[in-house]
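Down below is the structure, laid out as structure tokens.
The values are calculated or read from the model by the stated rules, or taken from the named source; none is laboratory data. Everything numeric in this text was worked out from a predicted model, so none of it was measured. All Cβ positions, glycine included, derive from the backbone under ideal geometry; neighbour counts span all protein chains shown. Protein only, heavy atoms only, side chains kept; ligands, DNA and RNA dropped before computing areas. Shrake-Rupley method; radii C 1.70, N 1.55, O 1.52, S 1.80 Å.
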Amino acid sequence: MASSAYDTAILLLRVVLGLTMAAHGYNKFFGGGRIPGTAGWFDSIGMKPGLFHARVAASTEIAAGLGLALGLLTPVPAAGFVALMLVAAWTVHRRNGFFIVKEGWEYNLILAVAAVAIAGTGAGRYSLDHLLFSNCGFYDLLHGWYGLAIAVVLGLLGGIGQLAIFFRPPVKS
């Protein structure tokens, strides 16, 4: 089968979206404040213990980002995007409204929906999903309605679960 504009377009979207997310995780580990600074910030927004959440967020951002960029088990990293962006939107951006220019949750929504859309369409021919699984029935679970459902359900369960268990809004003095 010849390659198509679709395969190239989905590759471009996956790589840019995935590497952007992975860069955020890398920055939490190795940027300015590193994990201790990120941990203090997580504590300040009510995600306690902050050190645990700094490590989990950074690791998830790197794993989900690279997984999406490579197109490996695509609905699973897409679920990571949903969980990460749900937690970020709820804990940090919700009170600021929709638009990112006022630090709202617009960007979180775009990242999560783009990842879910990739899970629904599939990672395309230029992906590890296609290379490893296109000749078996498992491949059908990695795109279409199954991929979409896996990304949305796992992502919402992960994000809501994390918020329910760990989020304690800071008390304003």
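Cross-link partners of LYS28 among lysines, defined as those whose alpha carbon lies under 25 angstrom from its own and excluding same-chain residues fewer than eight positions apart: LYS48, LYS102. Could you state the number of Å between the C-alpha centres of the stretch 1-77 and the stretch 98-118? The stretch 98-118 and the stretch 1-77 have Cα centres spaced 14 Å from each other.
Just checking the listed ones, VAL87, VAL76, VAL16: in the Gaussian network model of the chain with Cα springs under 10 Å, the one fluctuating most is VAL16.
Keeping all protein chains in place, calculate the accessible area per residue for the chain (probe 1.4 angstrom), answer in Å².
Normalised by residue count, the accessible surface of the chain is 54 Å².
Taking 0.36 nm per residue of separation and subtracting the Cα-Cα distance, full extension of the segment from SER134 to ILE100 would add 8.4 nm. Peptide packing: for 163-170, 52-59, the average count of neighbouring Cβ atoms within 10 Å per residue gives the ranking 52-59, 163-170, highest mean first. Taking every protein chain into account, the 1.4 Å probe leaves LEU132 with about 100 Å² of accessible area, to the nearest ten. Counting heavy atoms of the protein chains alone, THR38 has an accessible area of about 20 Å² for a 1.4 Å probe. By how many degrees, 0 to 90 and rounded to 10, does the Cα axis of helix 106-121 deviate from the longest principal axis of the chain? The answer is roughly 30 degrees. When you count the other C-beta atoms within 10 angstrom of each residue and take the mean per peptide, 120-130, 94-104 line up highest first as 120-130, 94-104.
For the chain, what % of the accessible area comes from carbon and sulfur atoms, probe 1.4 Å?
Within the chain, the accessible surface is 73 percent carbon and sulfur.
Note on the chain: Rg/Rh from C-alpha atoms, Kirkwood Rh, equals 1.02. Think of each Lys and Arg Cβ as +1 and each Asp and Glu Cβ as -1; about the Cα centre, that makes the dipole of the chain roughly 620 debye. The Cβ shell under 10 Å around PRO170 holds other residues with a net charge of +2, Lys and Arg each +1, Asp and Glu each -1. Counting 0.36 nm for each residue step from PHE30 to ALA5 and taking away their Cα separation leaves a gain of 5.4 nm.
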